[in-house]
Amino acid sequence: MARYIGPKFRLDRREGVNLFLKGTRSLGPKHPLAKKGAVPPGQHGAKGIKRKVSDYGLQLREKQKVRRIYGVLERQFRRYFQEASRKGATGENLLRILETRLDNVVYRLGLAASRSQARQLVSHQHVLVNGKKVNIPSYQVKIGDVVSLSPKASEFGLVKESLKEVKEDQIPSWLERKGLSGRVSKMPAREDIGADIDEQLIVEFYSR
């Protein structure tokens, strides 16, 4: 399966929640959920919200929602789950793995308006980890790693706009930002991940 490149607001409508896939545009009054409510896309979308959802359906939707929030394909997501299940609380471990992806860290630091923008910055070699270019969005950062942007990227309009939108006091507590760089001060705890996610449903989905 290739990465989804269609309308991102369509994914919000499918999951019935704002996945914040388009940066500040996701907060605007033109967001489809603000106008149409939680109506799934497609010809029979309105009928779908009246149908009773099975336990399997709830688990599937939660898994799909988290996949889409972080922009991860199914095979990679399953690999993350297998890694998370080796030791400790599987659900929390899974979210921690997703949060410490390099593209997500760039987004959380406010250096990009969305995860897709952050992924593009990483892929185009505009992101450095400890002073070295890393072009792998799924790269896992560690405590003490310093994430920064190249001098060229610092002049990008999307970066300047994002820095204006996200102030340093809005950065998650497990990250520290100073200017165009940030440091991983600790691993994220469950309470540091503000997304409305029920990770237990994902654990149940893969444990069937």
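The values are calculated or read from the model by the stated rules, or taken from the named source; none is laboratory data. Since the structure is predicted, the reported quantities are computational estimates derived from the model, not experimental observations. Note: ideal-geometry Cβ built from the backbone for every residue, glycine included; neighbour counts use all protein chains shown.
Given the condition among the aliphatic types (A, V, I, L, M), buried (at least 19 other Cβ atoms within 10 Å of the Cβ) and touching a His at 6+ places or on another chain (Cβ under 7 Å), answer yes or no: does some residue in the stretch 169-177 qualify? Break it down stepwise before answering.
In the first step, residues of the stretch 169-177 are kept if they are among the aliphatic types (A, V, I, L, M); the result is 171, 175.
Then drop every residue that is not buried (at least 19 other Cβ atoms within 10 Å of the Cβ), which leaves 175.
Remaining after also requiring touching a His at 6+ places or on another chain (Cβ under 7 Å): none.
No, the stretch 169-177 has no match at all.
Can you name the condition, by its number, that Lys142 falls short on among (1) more than 17 Å from Pro188 (Cα to Cα); (2) surrounded by fewer than 19 Cβ atoms within 10 Å (Cβ to Cβ); (3) more than 16 Å from the chain's Cα centre (by Cα); (4) not β-branched (Val, Ile, Thr)?
(1)
Within the stretch 85-119, how many residues are of a type in the set (A, V, I, L, M), under 14 Å from Leu180 (Cβ atoms) and assigned to a loop (DSSP other than H, G, I, E, B)? Give the steps one after another, and end with the answer.
Let us first name the residues in the stretch 85-119 that are of a type in the set (A, V, I, L, M), namely 89, 94-95, 97-98, 102, 105-106, 109, 111-113, 118.
Next, only the ones that are under 14 Å from Leu180 (Cβ atoms) stay: 105-106, 109, 111-112, 118.
Narrowing the set further to residues that are assigned to a loop (DSSP other than H, G, I, E, B) leaves 109, 111-112.
Going through the stretch 85-119 one residue at a time, the tally reaches 3.
Collect the residues in the stretch 175-197 that are of a type outside the set (D, E, K, R) and over 20 Å from Ile69 (Cα atoms), keeping them in residue-number order.
If we filter the stretch 175-197 for residues that are of a type outside the set (D, E, K, R), which is where we start, we get 175, 179-182, 184-185, 187-189, 193-195, 197.
Once the filter is applied, which keeps residues that are of a type outside the set (D, E, K, R) and over 20 Å from Ile69 (Cα atoms), the stretch 175-197 yields Gly179, Leu180, Ser181, Gly182, Val184, Ser185.
Which one of the conditions (1) at pLDDT 95 or above; (2) surrounded by fewer than 21 Cβ atoms within 10 Å (Cβ to Cβ) does Pro41 fail to meet, given that it meets all the rest?
Of the numbered conditions (1) at pLDDT 95 or above; (2) surrounded by fewer than 21 Cβ atoms within 10 Å (Cβ to Cβ), the odd one out for Pro41 is (1).
Which one is surrounded by the fewest Cβ atoms within 10 Å (Cβ to Cβ) among residues in the stretch 97-133 that are among the aliphatic types (A, V, I, L, M) and under 24 Å from Phe81 (Cα atoms)? Full working, then the answer.
Taking the stretch 97-133 as the starting set, the residues that turn out to be among the aliphatic types (A, V, I, L, M) are 97-98, 102, 105-106, 109, 111-113, 118, 121-122, 127-129.
Still in the list and also under 24 Å from Phe81 (Cα atoms): 97-98, 102, 105-106, 118, 122.
Values: Ile97: 19, Leu98: 24, Leu102: 23, Val105: 26, Val106: 29, Ala118: 26, Val122: 25.
The extreme case among them is Ile97.
Just to verify a result, which residue in the stretch 182-202, among those that are in contact (Cβ under 8 Å) with a residue 60 or more places away in the chain and under 19 Å from Lys132 (Cβ atoms), is surrounded by the most Cβ atoms within 10 Å (Cβ to Cβ)?
Residue satisfying both the conditions and the ranking: Gly182.
Scan the stretch 69-96 for residues that are of a type in the set (D, E, K, R) and crowded, with 19+ Cβ neighbours inside 10 Å and jot them down. Spell out the reasoning first.
Pass one, the stretch 69-96, residues of a type in the set (D, E, K, R): 74-75, 78-79, 83, 86-87, 92, 96.
Scanning the stretch 69-96 gives a single hit, Arg96.
Test each condition in (1) more than 24 Å from Asp169 (Cβ to Cβ); (2) of a type outside the set (Gly, Ala, Ser); (3) touching a strand residue (DSSP E or B) at 6+ places or on another chain (Cβ under 8 Å); (4) assigned to a helix (DSSP H, G or I) for Val122 and report the one that comes out false.
(3)
Keeping to the stretch 76-111, report how many residues are among the charged types (D, E, K, R) and touching a residue at least 24 places away in the same chain (Cβ under 8 Å).
Of all residues in the stretch 76-111, those among the charged types (D, E, K, R) come to 78-79, 83, 86-87, 92, 96, 99, 101, 103, 108.
Now narrow it down to the ones that are touching a residue at least 24 places away in the same chain (Cβ under 8 Å): 78, 92, 96, 99, 101, 103, 108.
Qualifying residue count for the region: 7.
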